[in-house]
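Some notes on the structure that comes next.
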Amino acid sequence: MEICEKSLGPNHPSLAIALREEAEIFRAEGRYAEAEPLYKRALAIQQSVLGSDHLEVAETLTKLAQLRQQTADYAEAKELYQTALSIRQNSIGSDNAFVANILCDLGSLYLIQRKYAEAEPLFQQAIAIDKVVLGPNHSEVSAMLGNLGSVEDQLGKLPQALQYTSQALDIEEKALGPDHPGVEILLANLANLQIEQGEFSIAEPLLQRYLEIERKAYGTDHPDYGRALEHFALLYLHQEKLDQADSISAQAVTILQAKLPPYHPDLAGALQLRATILRSLDREQEAYALDAQAEQILKLYVERNP
């Protein structure tokens, strides 16, 4: 990066792109604190040199919003997404894949925040755009179908959820292969839907594939690997394999505590799941302490996202 800056100068648009790309590497590795200043510097260069309504500015705003989403700064993430969406709609119109991507990102943000009724029309709009622009079997369409499946599940529409999630997984497996990181979330979502129906024998091999993909892609100390372990803990809880659920949930909590900020709701969720498992093992005092920790985390989260 130093060589690039000396060659191009401190305010060159190509330097901004290089900074953004380096930030993307850090973000993929879960090194969020290191990614943030790189995104911000890239954005400052682009706004100064290219103007605040340039498409490269929209791209960097989107990446920074994704970082904010990962660190549970949801209010700021929403503002960044909406600014990026406005730039793109004003520059290139509404019926294109770039706009569809931000609609999907914003829908994903609402999904995390459990604002399902707000997320549903965004995913539906994004899917309609991309089916026309990219074709019905494109990976972007499958990603949005998967998200829409999650929304329908939370809205109590299980048949639609299974339909959309299965369609999405079929598209991705044909395009990428069954062991590609791009299918990981769909495997997890489809497994959870099968767990809801009590189809544990169908869910378990899906989760095994999911866990192995995460291990190969990120290693065993990444937050996404910890989240994959949580899914297994939930399966074992439903199967009443409590000792296995206990062990794997403890591992998940350890990873998430080490890697996520102390106000992240995913950490609270992992603690609450572990508390449920401990209660099933008659370890009430330990469960109570974990619930108290989770409550404090959620309080911090609400303070940051009023």
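Here, each number is a calculation from the coordinates, and none is a lab measurement. Predicted model, so just to flag it, every value in this text is computed and none were measured. Note: ideal-geometry Cβ built from the backbone for every residue, glycine included; neighbour counts use all protein chains shown.
Placing +1 on the Cβ of each Lys and Arg and -1 on the Cβ of each Asp and Glu in the chain, which of Thr60, Gly30, Gln163 has its Cα farthest towards the positive end of the resulting dipole?
Thr60
Once the Cβ-Cβ distance between Arg279 and Glu79 is put in as r, and R0 is 35 Å, what FRET efficiency do you end up with, to the nearest 0.05? Numbers along the way, then the final one.
Working: r = 39 Å, r/R0 = 1.12.
For Arg279 and Glu79, the calculated efficiency is 0.35.
What residue among Asn137, Asn189, Asn101 shows peak mean-square fluctuation when the chain is described by a Gaussian network model with Cα springs under 10 Å?
Its mean-square fluctuation being the largest, the pick is Asn137.
Rounded to the nearest 20 debye, what is the charge dipole size of the chain about its Cα centre when +1 sits on each Lys and Arg Cβ and -1 on each Asp and Glu Cβ?
Numbers: 26 positive and 45 negative charges, 98 e Å.
Computed about the Cα centre, the dipole is about 460 debye.
Which of the peptides 236-243, 85-92 is most tightly packed, and how do the rest follow, going by the mean number of other Cβ atoms within 10 Å of each residue? Write out the running numbers ahead of the final one.
Details: 236-243: 15.0, 85-92: 16.9.
For the peptides 236-243, 85-92, the packing ranking is 85-92, 236-243.
Give me the base-10 log of I(q)/I(0) for region 1-93 at each q in 0.13 Å⁻¹, Debye formula, one uniform scatterer per Cα, rounded to two decimals.
Evaluating at q = 0.13 Å⁻¹ gives log10 I(q)/I(0) of -0.42.
Pull out the extension gain between Ala258 and Ala292, defined as 0.36 nm times the separation in residues minus the alpha carbon to alpha carbon distance; nm, one decimal.
Gain in length upon complete extension: 10.4 nm.
Can you compute the modelled spin-label distance between Leu50 and Gln124, with each label point 7 Å from Cα toward Cβ, in nm?
3.4
Rounded if a/c is under 1.5, else prolate if a/b is larger than b/c, else oblate: which is region 69-122, with a ≥ b ≥ c the root eigenvalues of its Cα gyration tensor? Show your work: numbers first, answer last.
On the way: a/c = 2.64, a/b = 1.53, b/c = 1.73.
Oblate is the answer for region 69-122, as a/c is 1.5 or above yet b/c matches or exceeds a/b.
Can you give the angle from 0 to 90° between the axis of helix 200-218 and the longest principal axis of the chain, with both taken from C-alpha atoms, to the nearest 10?
That helix lies at roughly 40 degrees to the long axis.
Put +1 on the Cβ of every Lys and Arg and -1 on every Asp and Glu Cβ in the chain; which of Leu193, Gln69, Ser142 then has its Cα farthest towards the positive end of the dipole?
Ranked along the dipole, the leading option is Gln69.
For the pair Asp221/His180, report the inter-label distance in nm, with labels modelled 7 Å from Cα in the Cβ direction.
Here the modelled spin labels are 3.0 nm apart.
Put a dot 7 Å past each Cα toward the Cβ at Asp95 and Val132; how far apart are the dots in nm?
Using points 7 Å along Cα→Cβ, the separation is 0.4 nm.
Place a +1 charge on the Cβ of each Lys and Arg in region 94-197 and a -1 charge on the Cβ of each Asp and Glu, then give the dipole magnitude about the Cα centre in debye, rounded to the nearest 20.
Taking the Cα centre of region 94-197 as origin, the dipole is about 200 debye.
If R0 is 35 Å, what FRET efficiency do you get for Asp170 and His238 from their C-beta distance, rounded to 0.05?
0.85
Using a cut-off of 14 Å between beta-carbons, work out the net charge of the residues near Lys157 (Lys and Arg +1, Asp and Glu -1, Lys157 not included).
Neighbour charge sum, excluding Lys157 itself: -4.
Add +1 for every Lys or Arg and -1 for every Asp or Glu among the other residues with Cβ under 12 Å from the Cβ of Pro205, and state the total.
The answer is -2.
Return the aspartates and glutamates within reach of Lys78: Cα separation strictly under 20 angstrom, same-chain partners fewer than 8 residues apart disregarded; answer none if there are no such residues.
In chain and number order, the partners are Glu24, Glu36, Asp53, Glu56, Glu59, Asp105, Glu118, Glu120, Asp266, Glu303.
Under a point-charge model restricted to the Cβ atoms of Lys and Arg (+1) and Asp and Glu (-1), what is the dipole moment magnitude of region 147-306 relative to its Cα centre, in debye to the nearest 20?
Computed about the Cα centre, the dipole is about 280 debye.
Highest GNM mean-square fluctuation, the chain, Cα pairs closer than 10 Å: which of Glu29, Glu56, Glu172?
Comparing Glu29, Glu56, Glu172 in a Gaussian network model of the chain, the most mobile one is Glu29.
Rounded to the nearest Å, what's the spacing between the alpha carbon centres of region 219-281 and region 135-172? Just the number, please.
Answer, in whole Å: 25.
Pairs Lys63/Lys259; Lys115/Lys216; Lys115/Lys299: which are spaced more than 23 Å apart, C-alpha to C-alpha?
Lys115/Lys216
Which net charge results for the neighbourhood of Phe26, defined as the other residues with beta-carbon distances under 12 angstrom from its beta-carbon, given Lys and Arg at +1 and Asp and Glu at -1? Don't jump to the answer; show the numbers that get you there.
Numbers: positive: Arg20, Arg27, Arg31, Lys63; negative: Glu21, Glu22, Glu24, Glu29, Glu34, Glu36.
With Lys, Arg at +1 and Asp, Glu at -1, the neighbours total -2.
With runs of 4+ DSSP H residues as the only contributors, calculate the mean residue ellipticity of the chain at 222 nm using -39,500 (n - 2.57) per run, divided by the residue total and rounded to the nearest 500.
Helix contribution divided over all residues of the chain: -27000 deg cm²/dmol.
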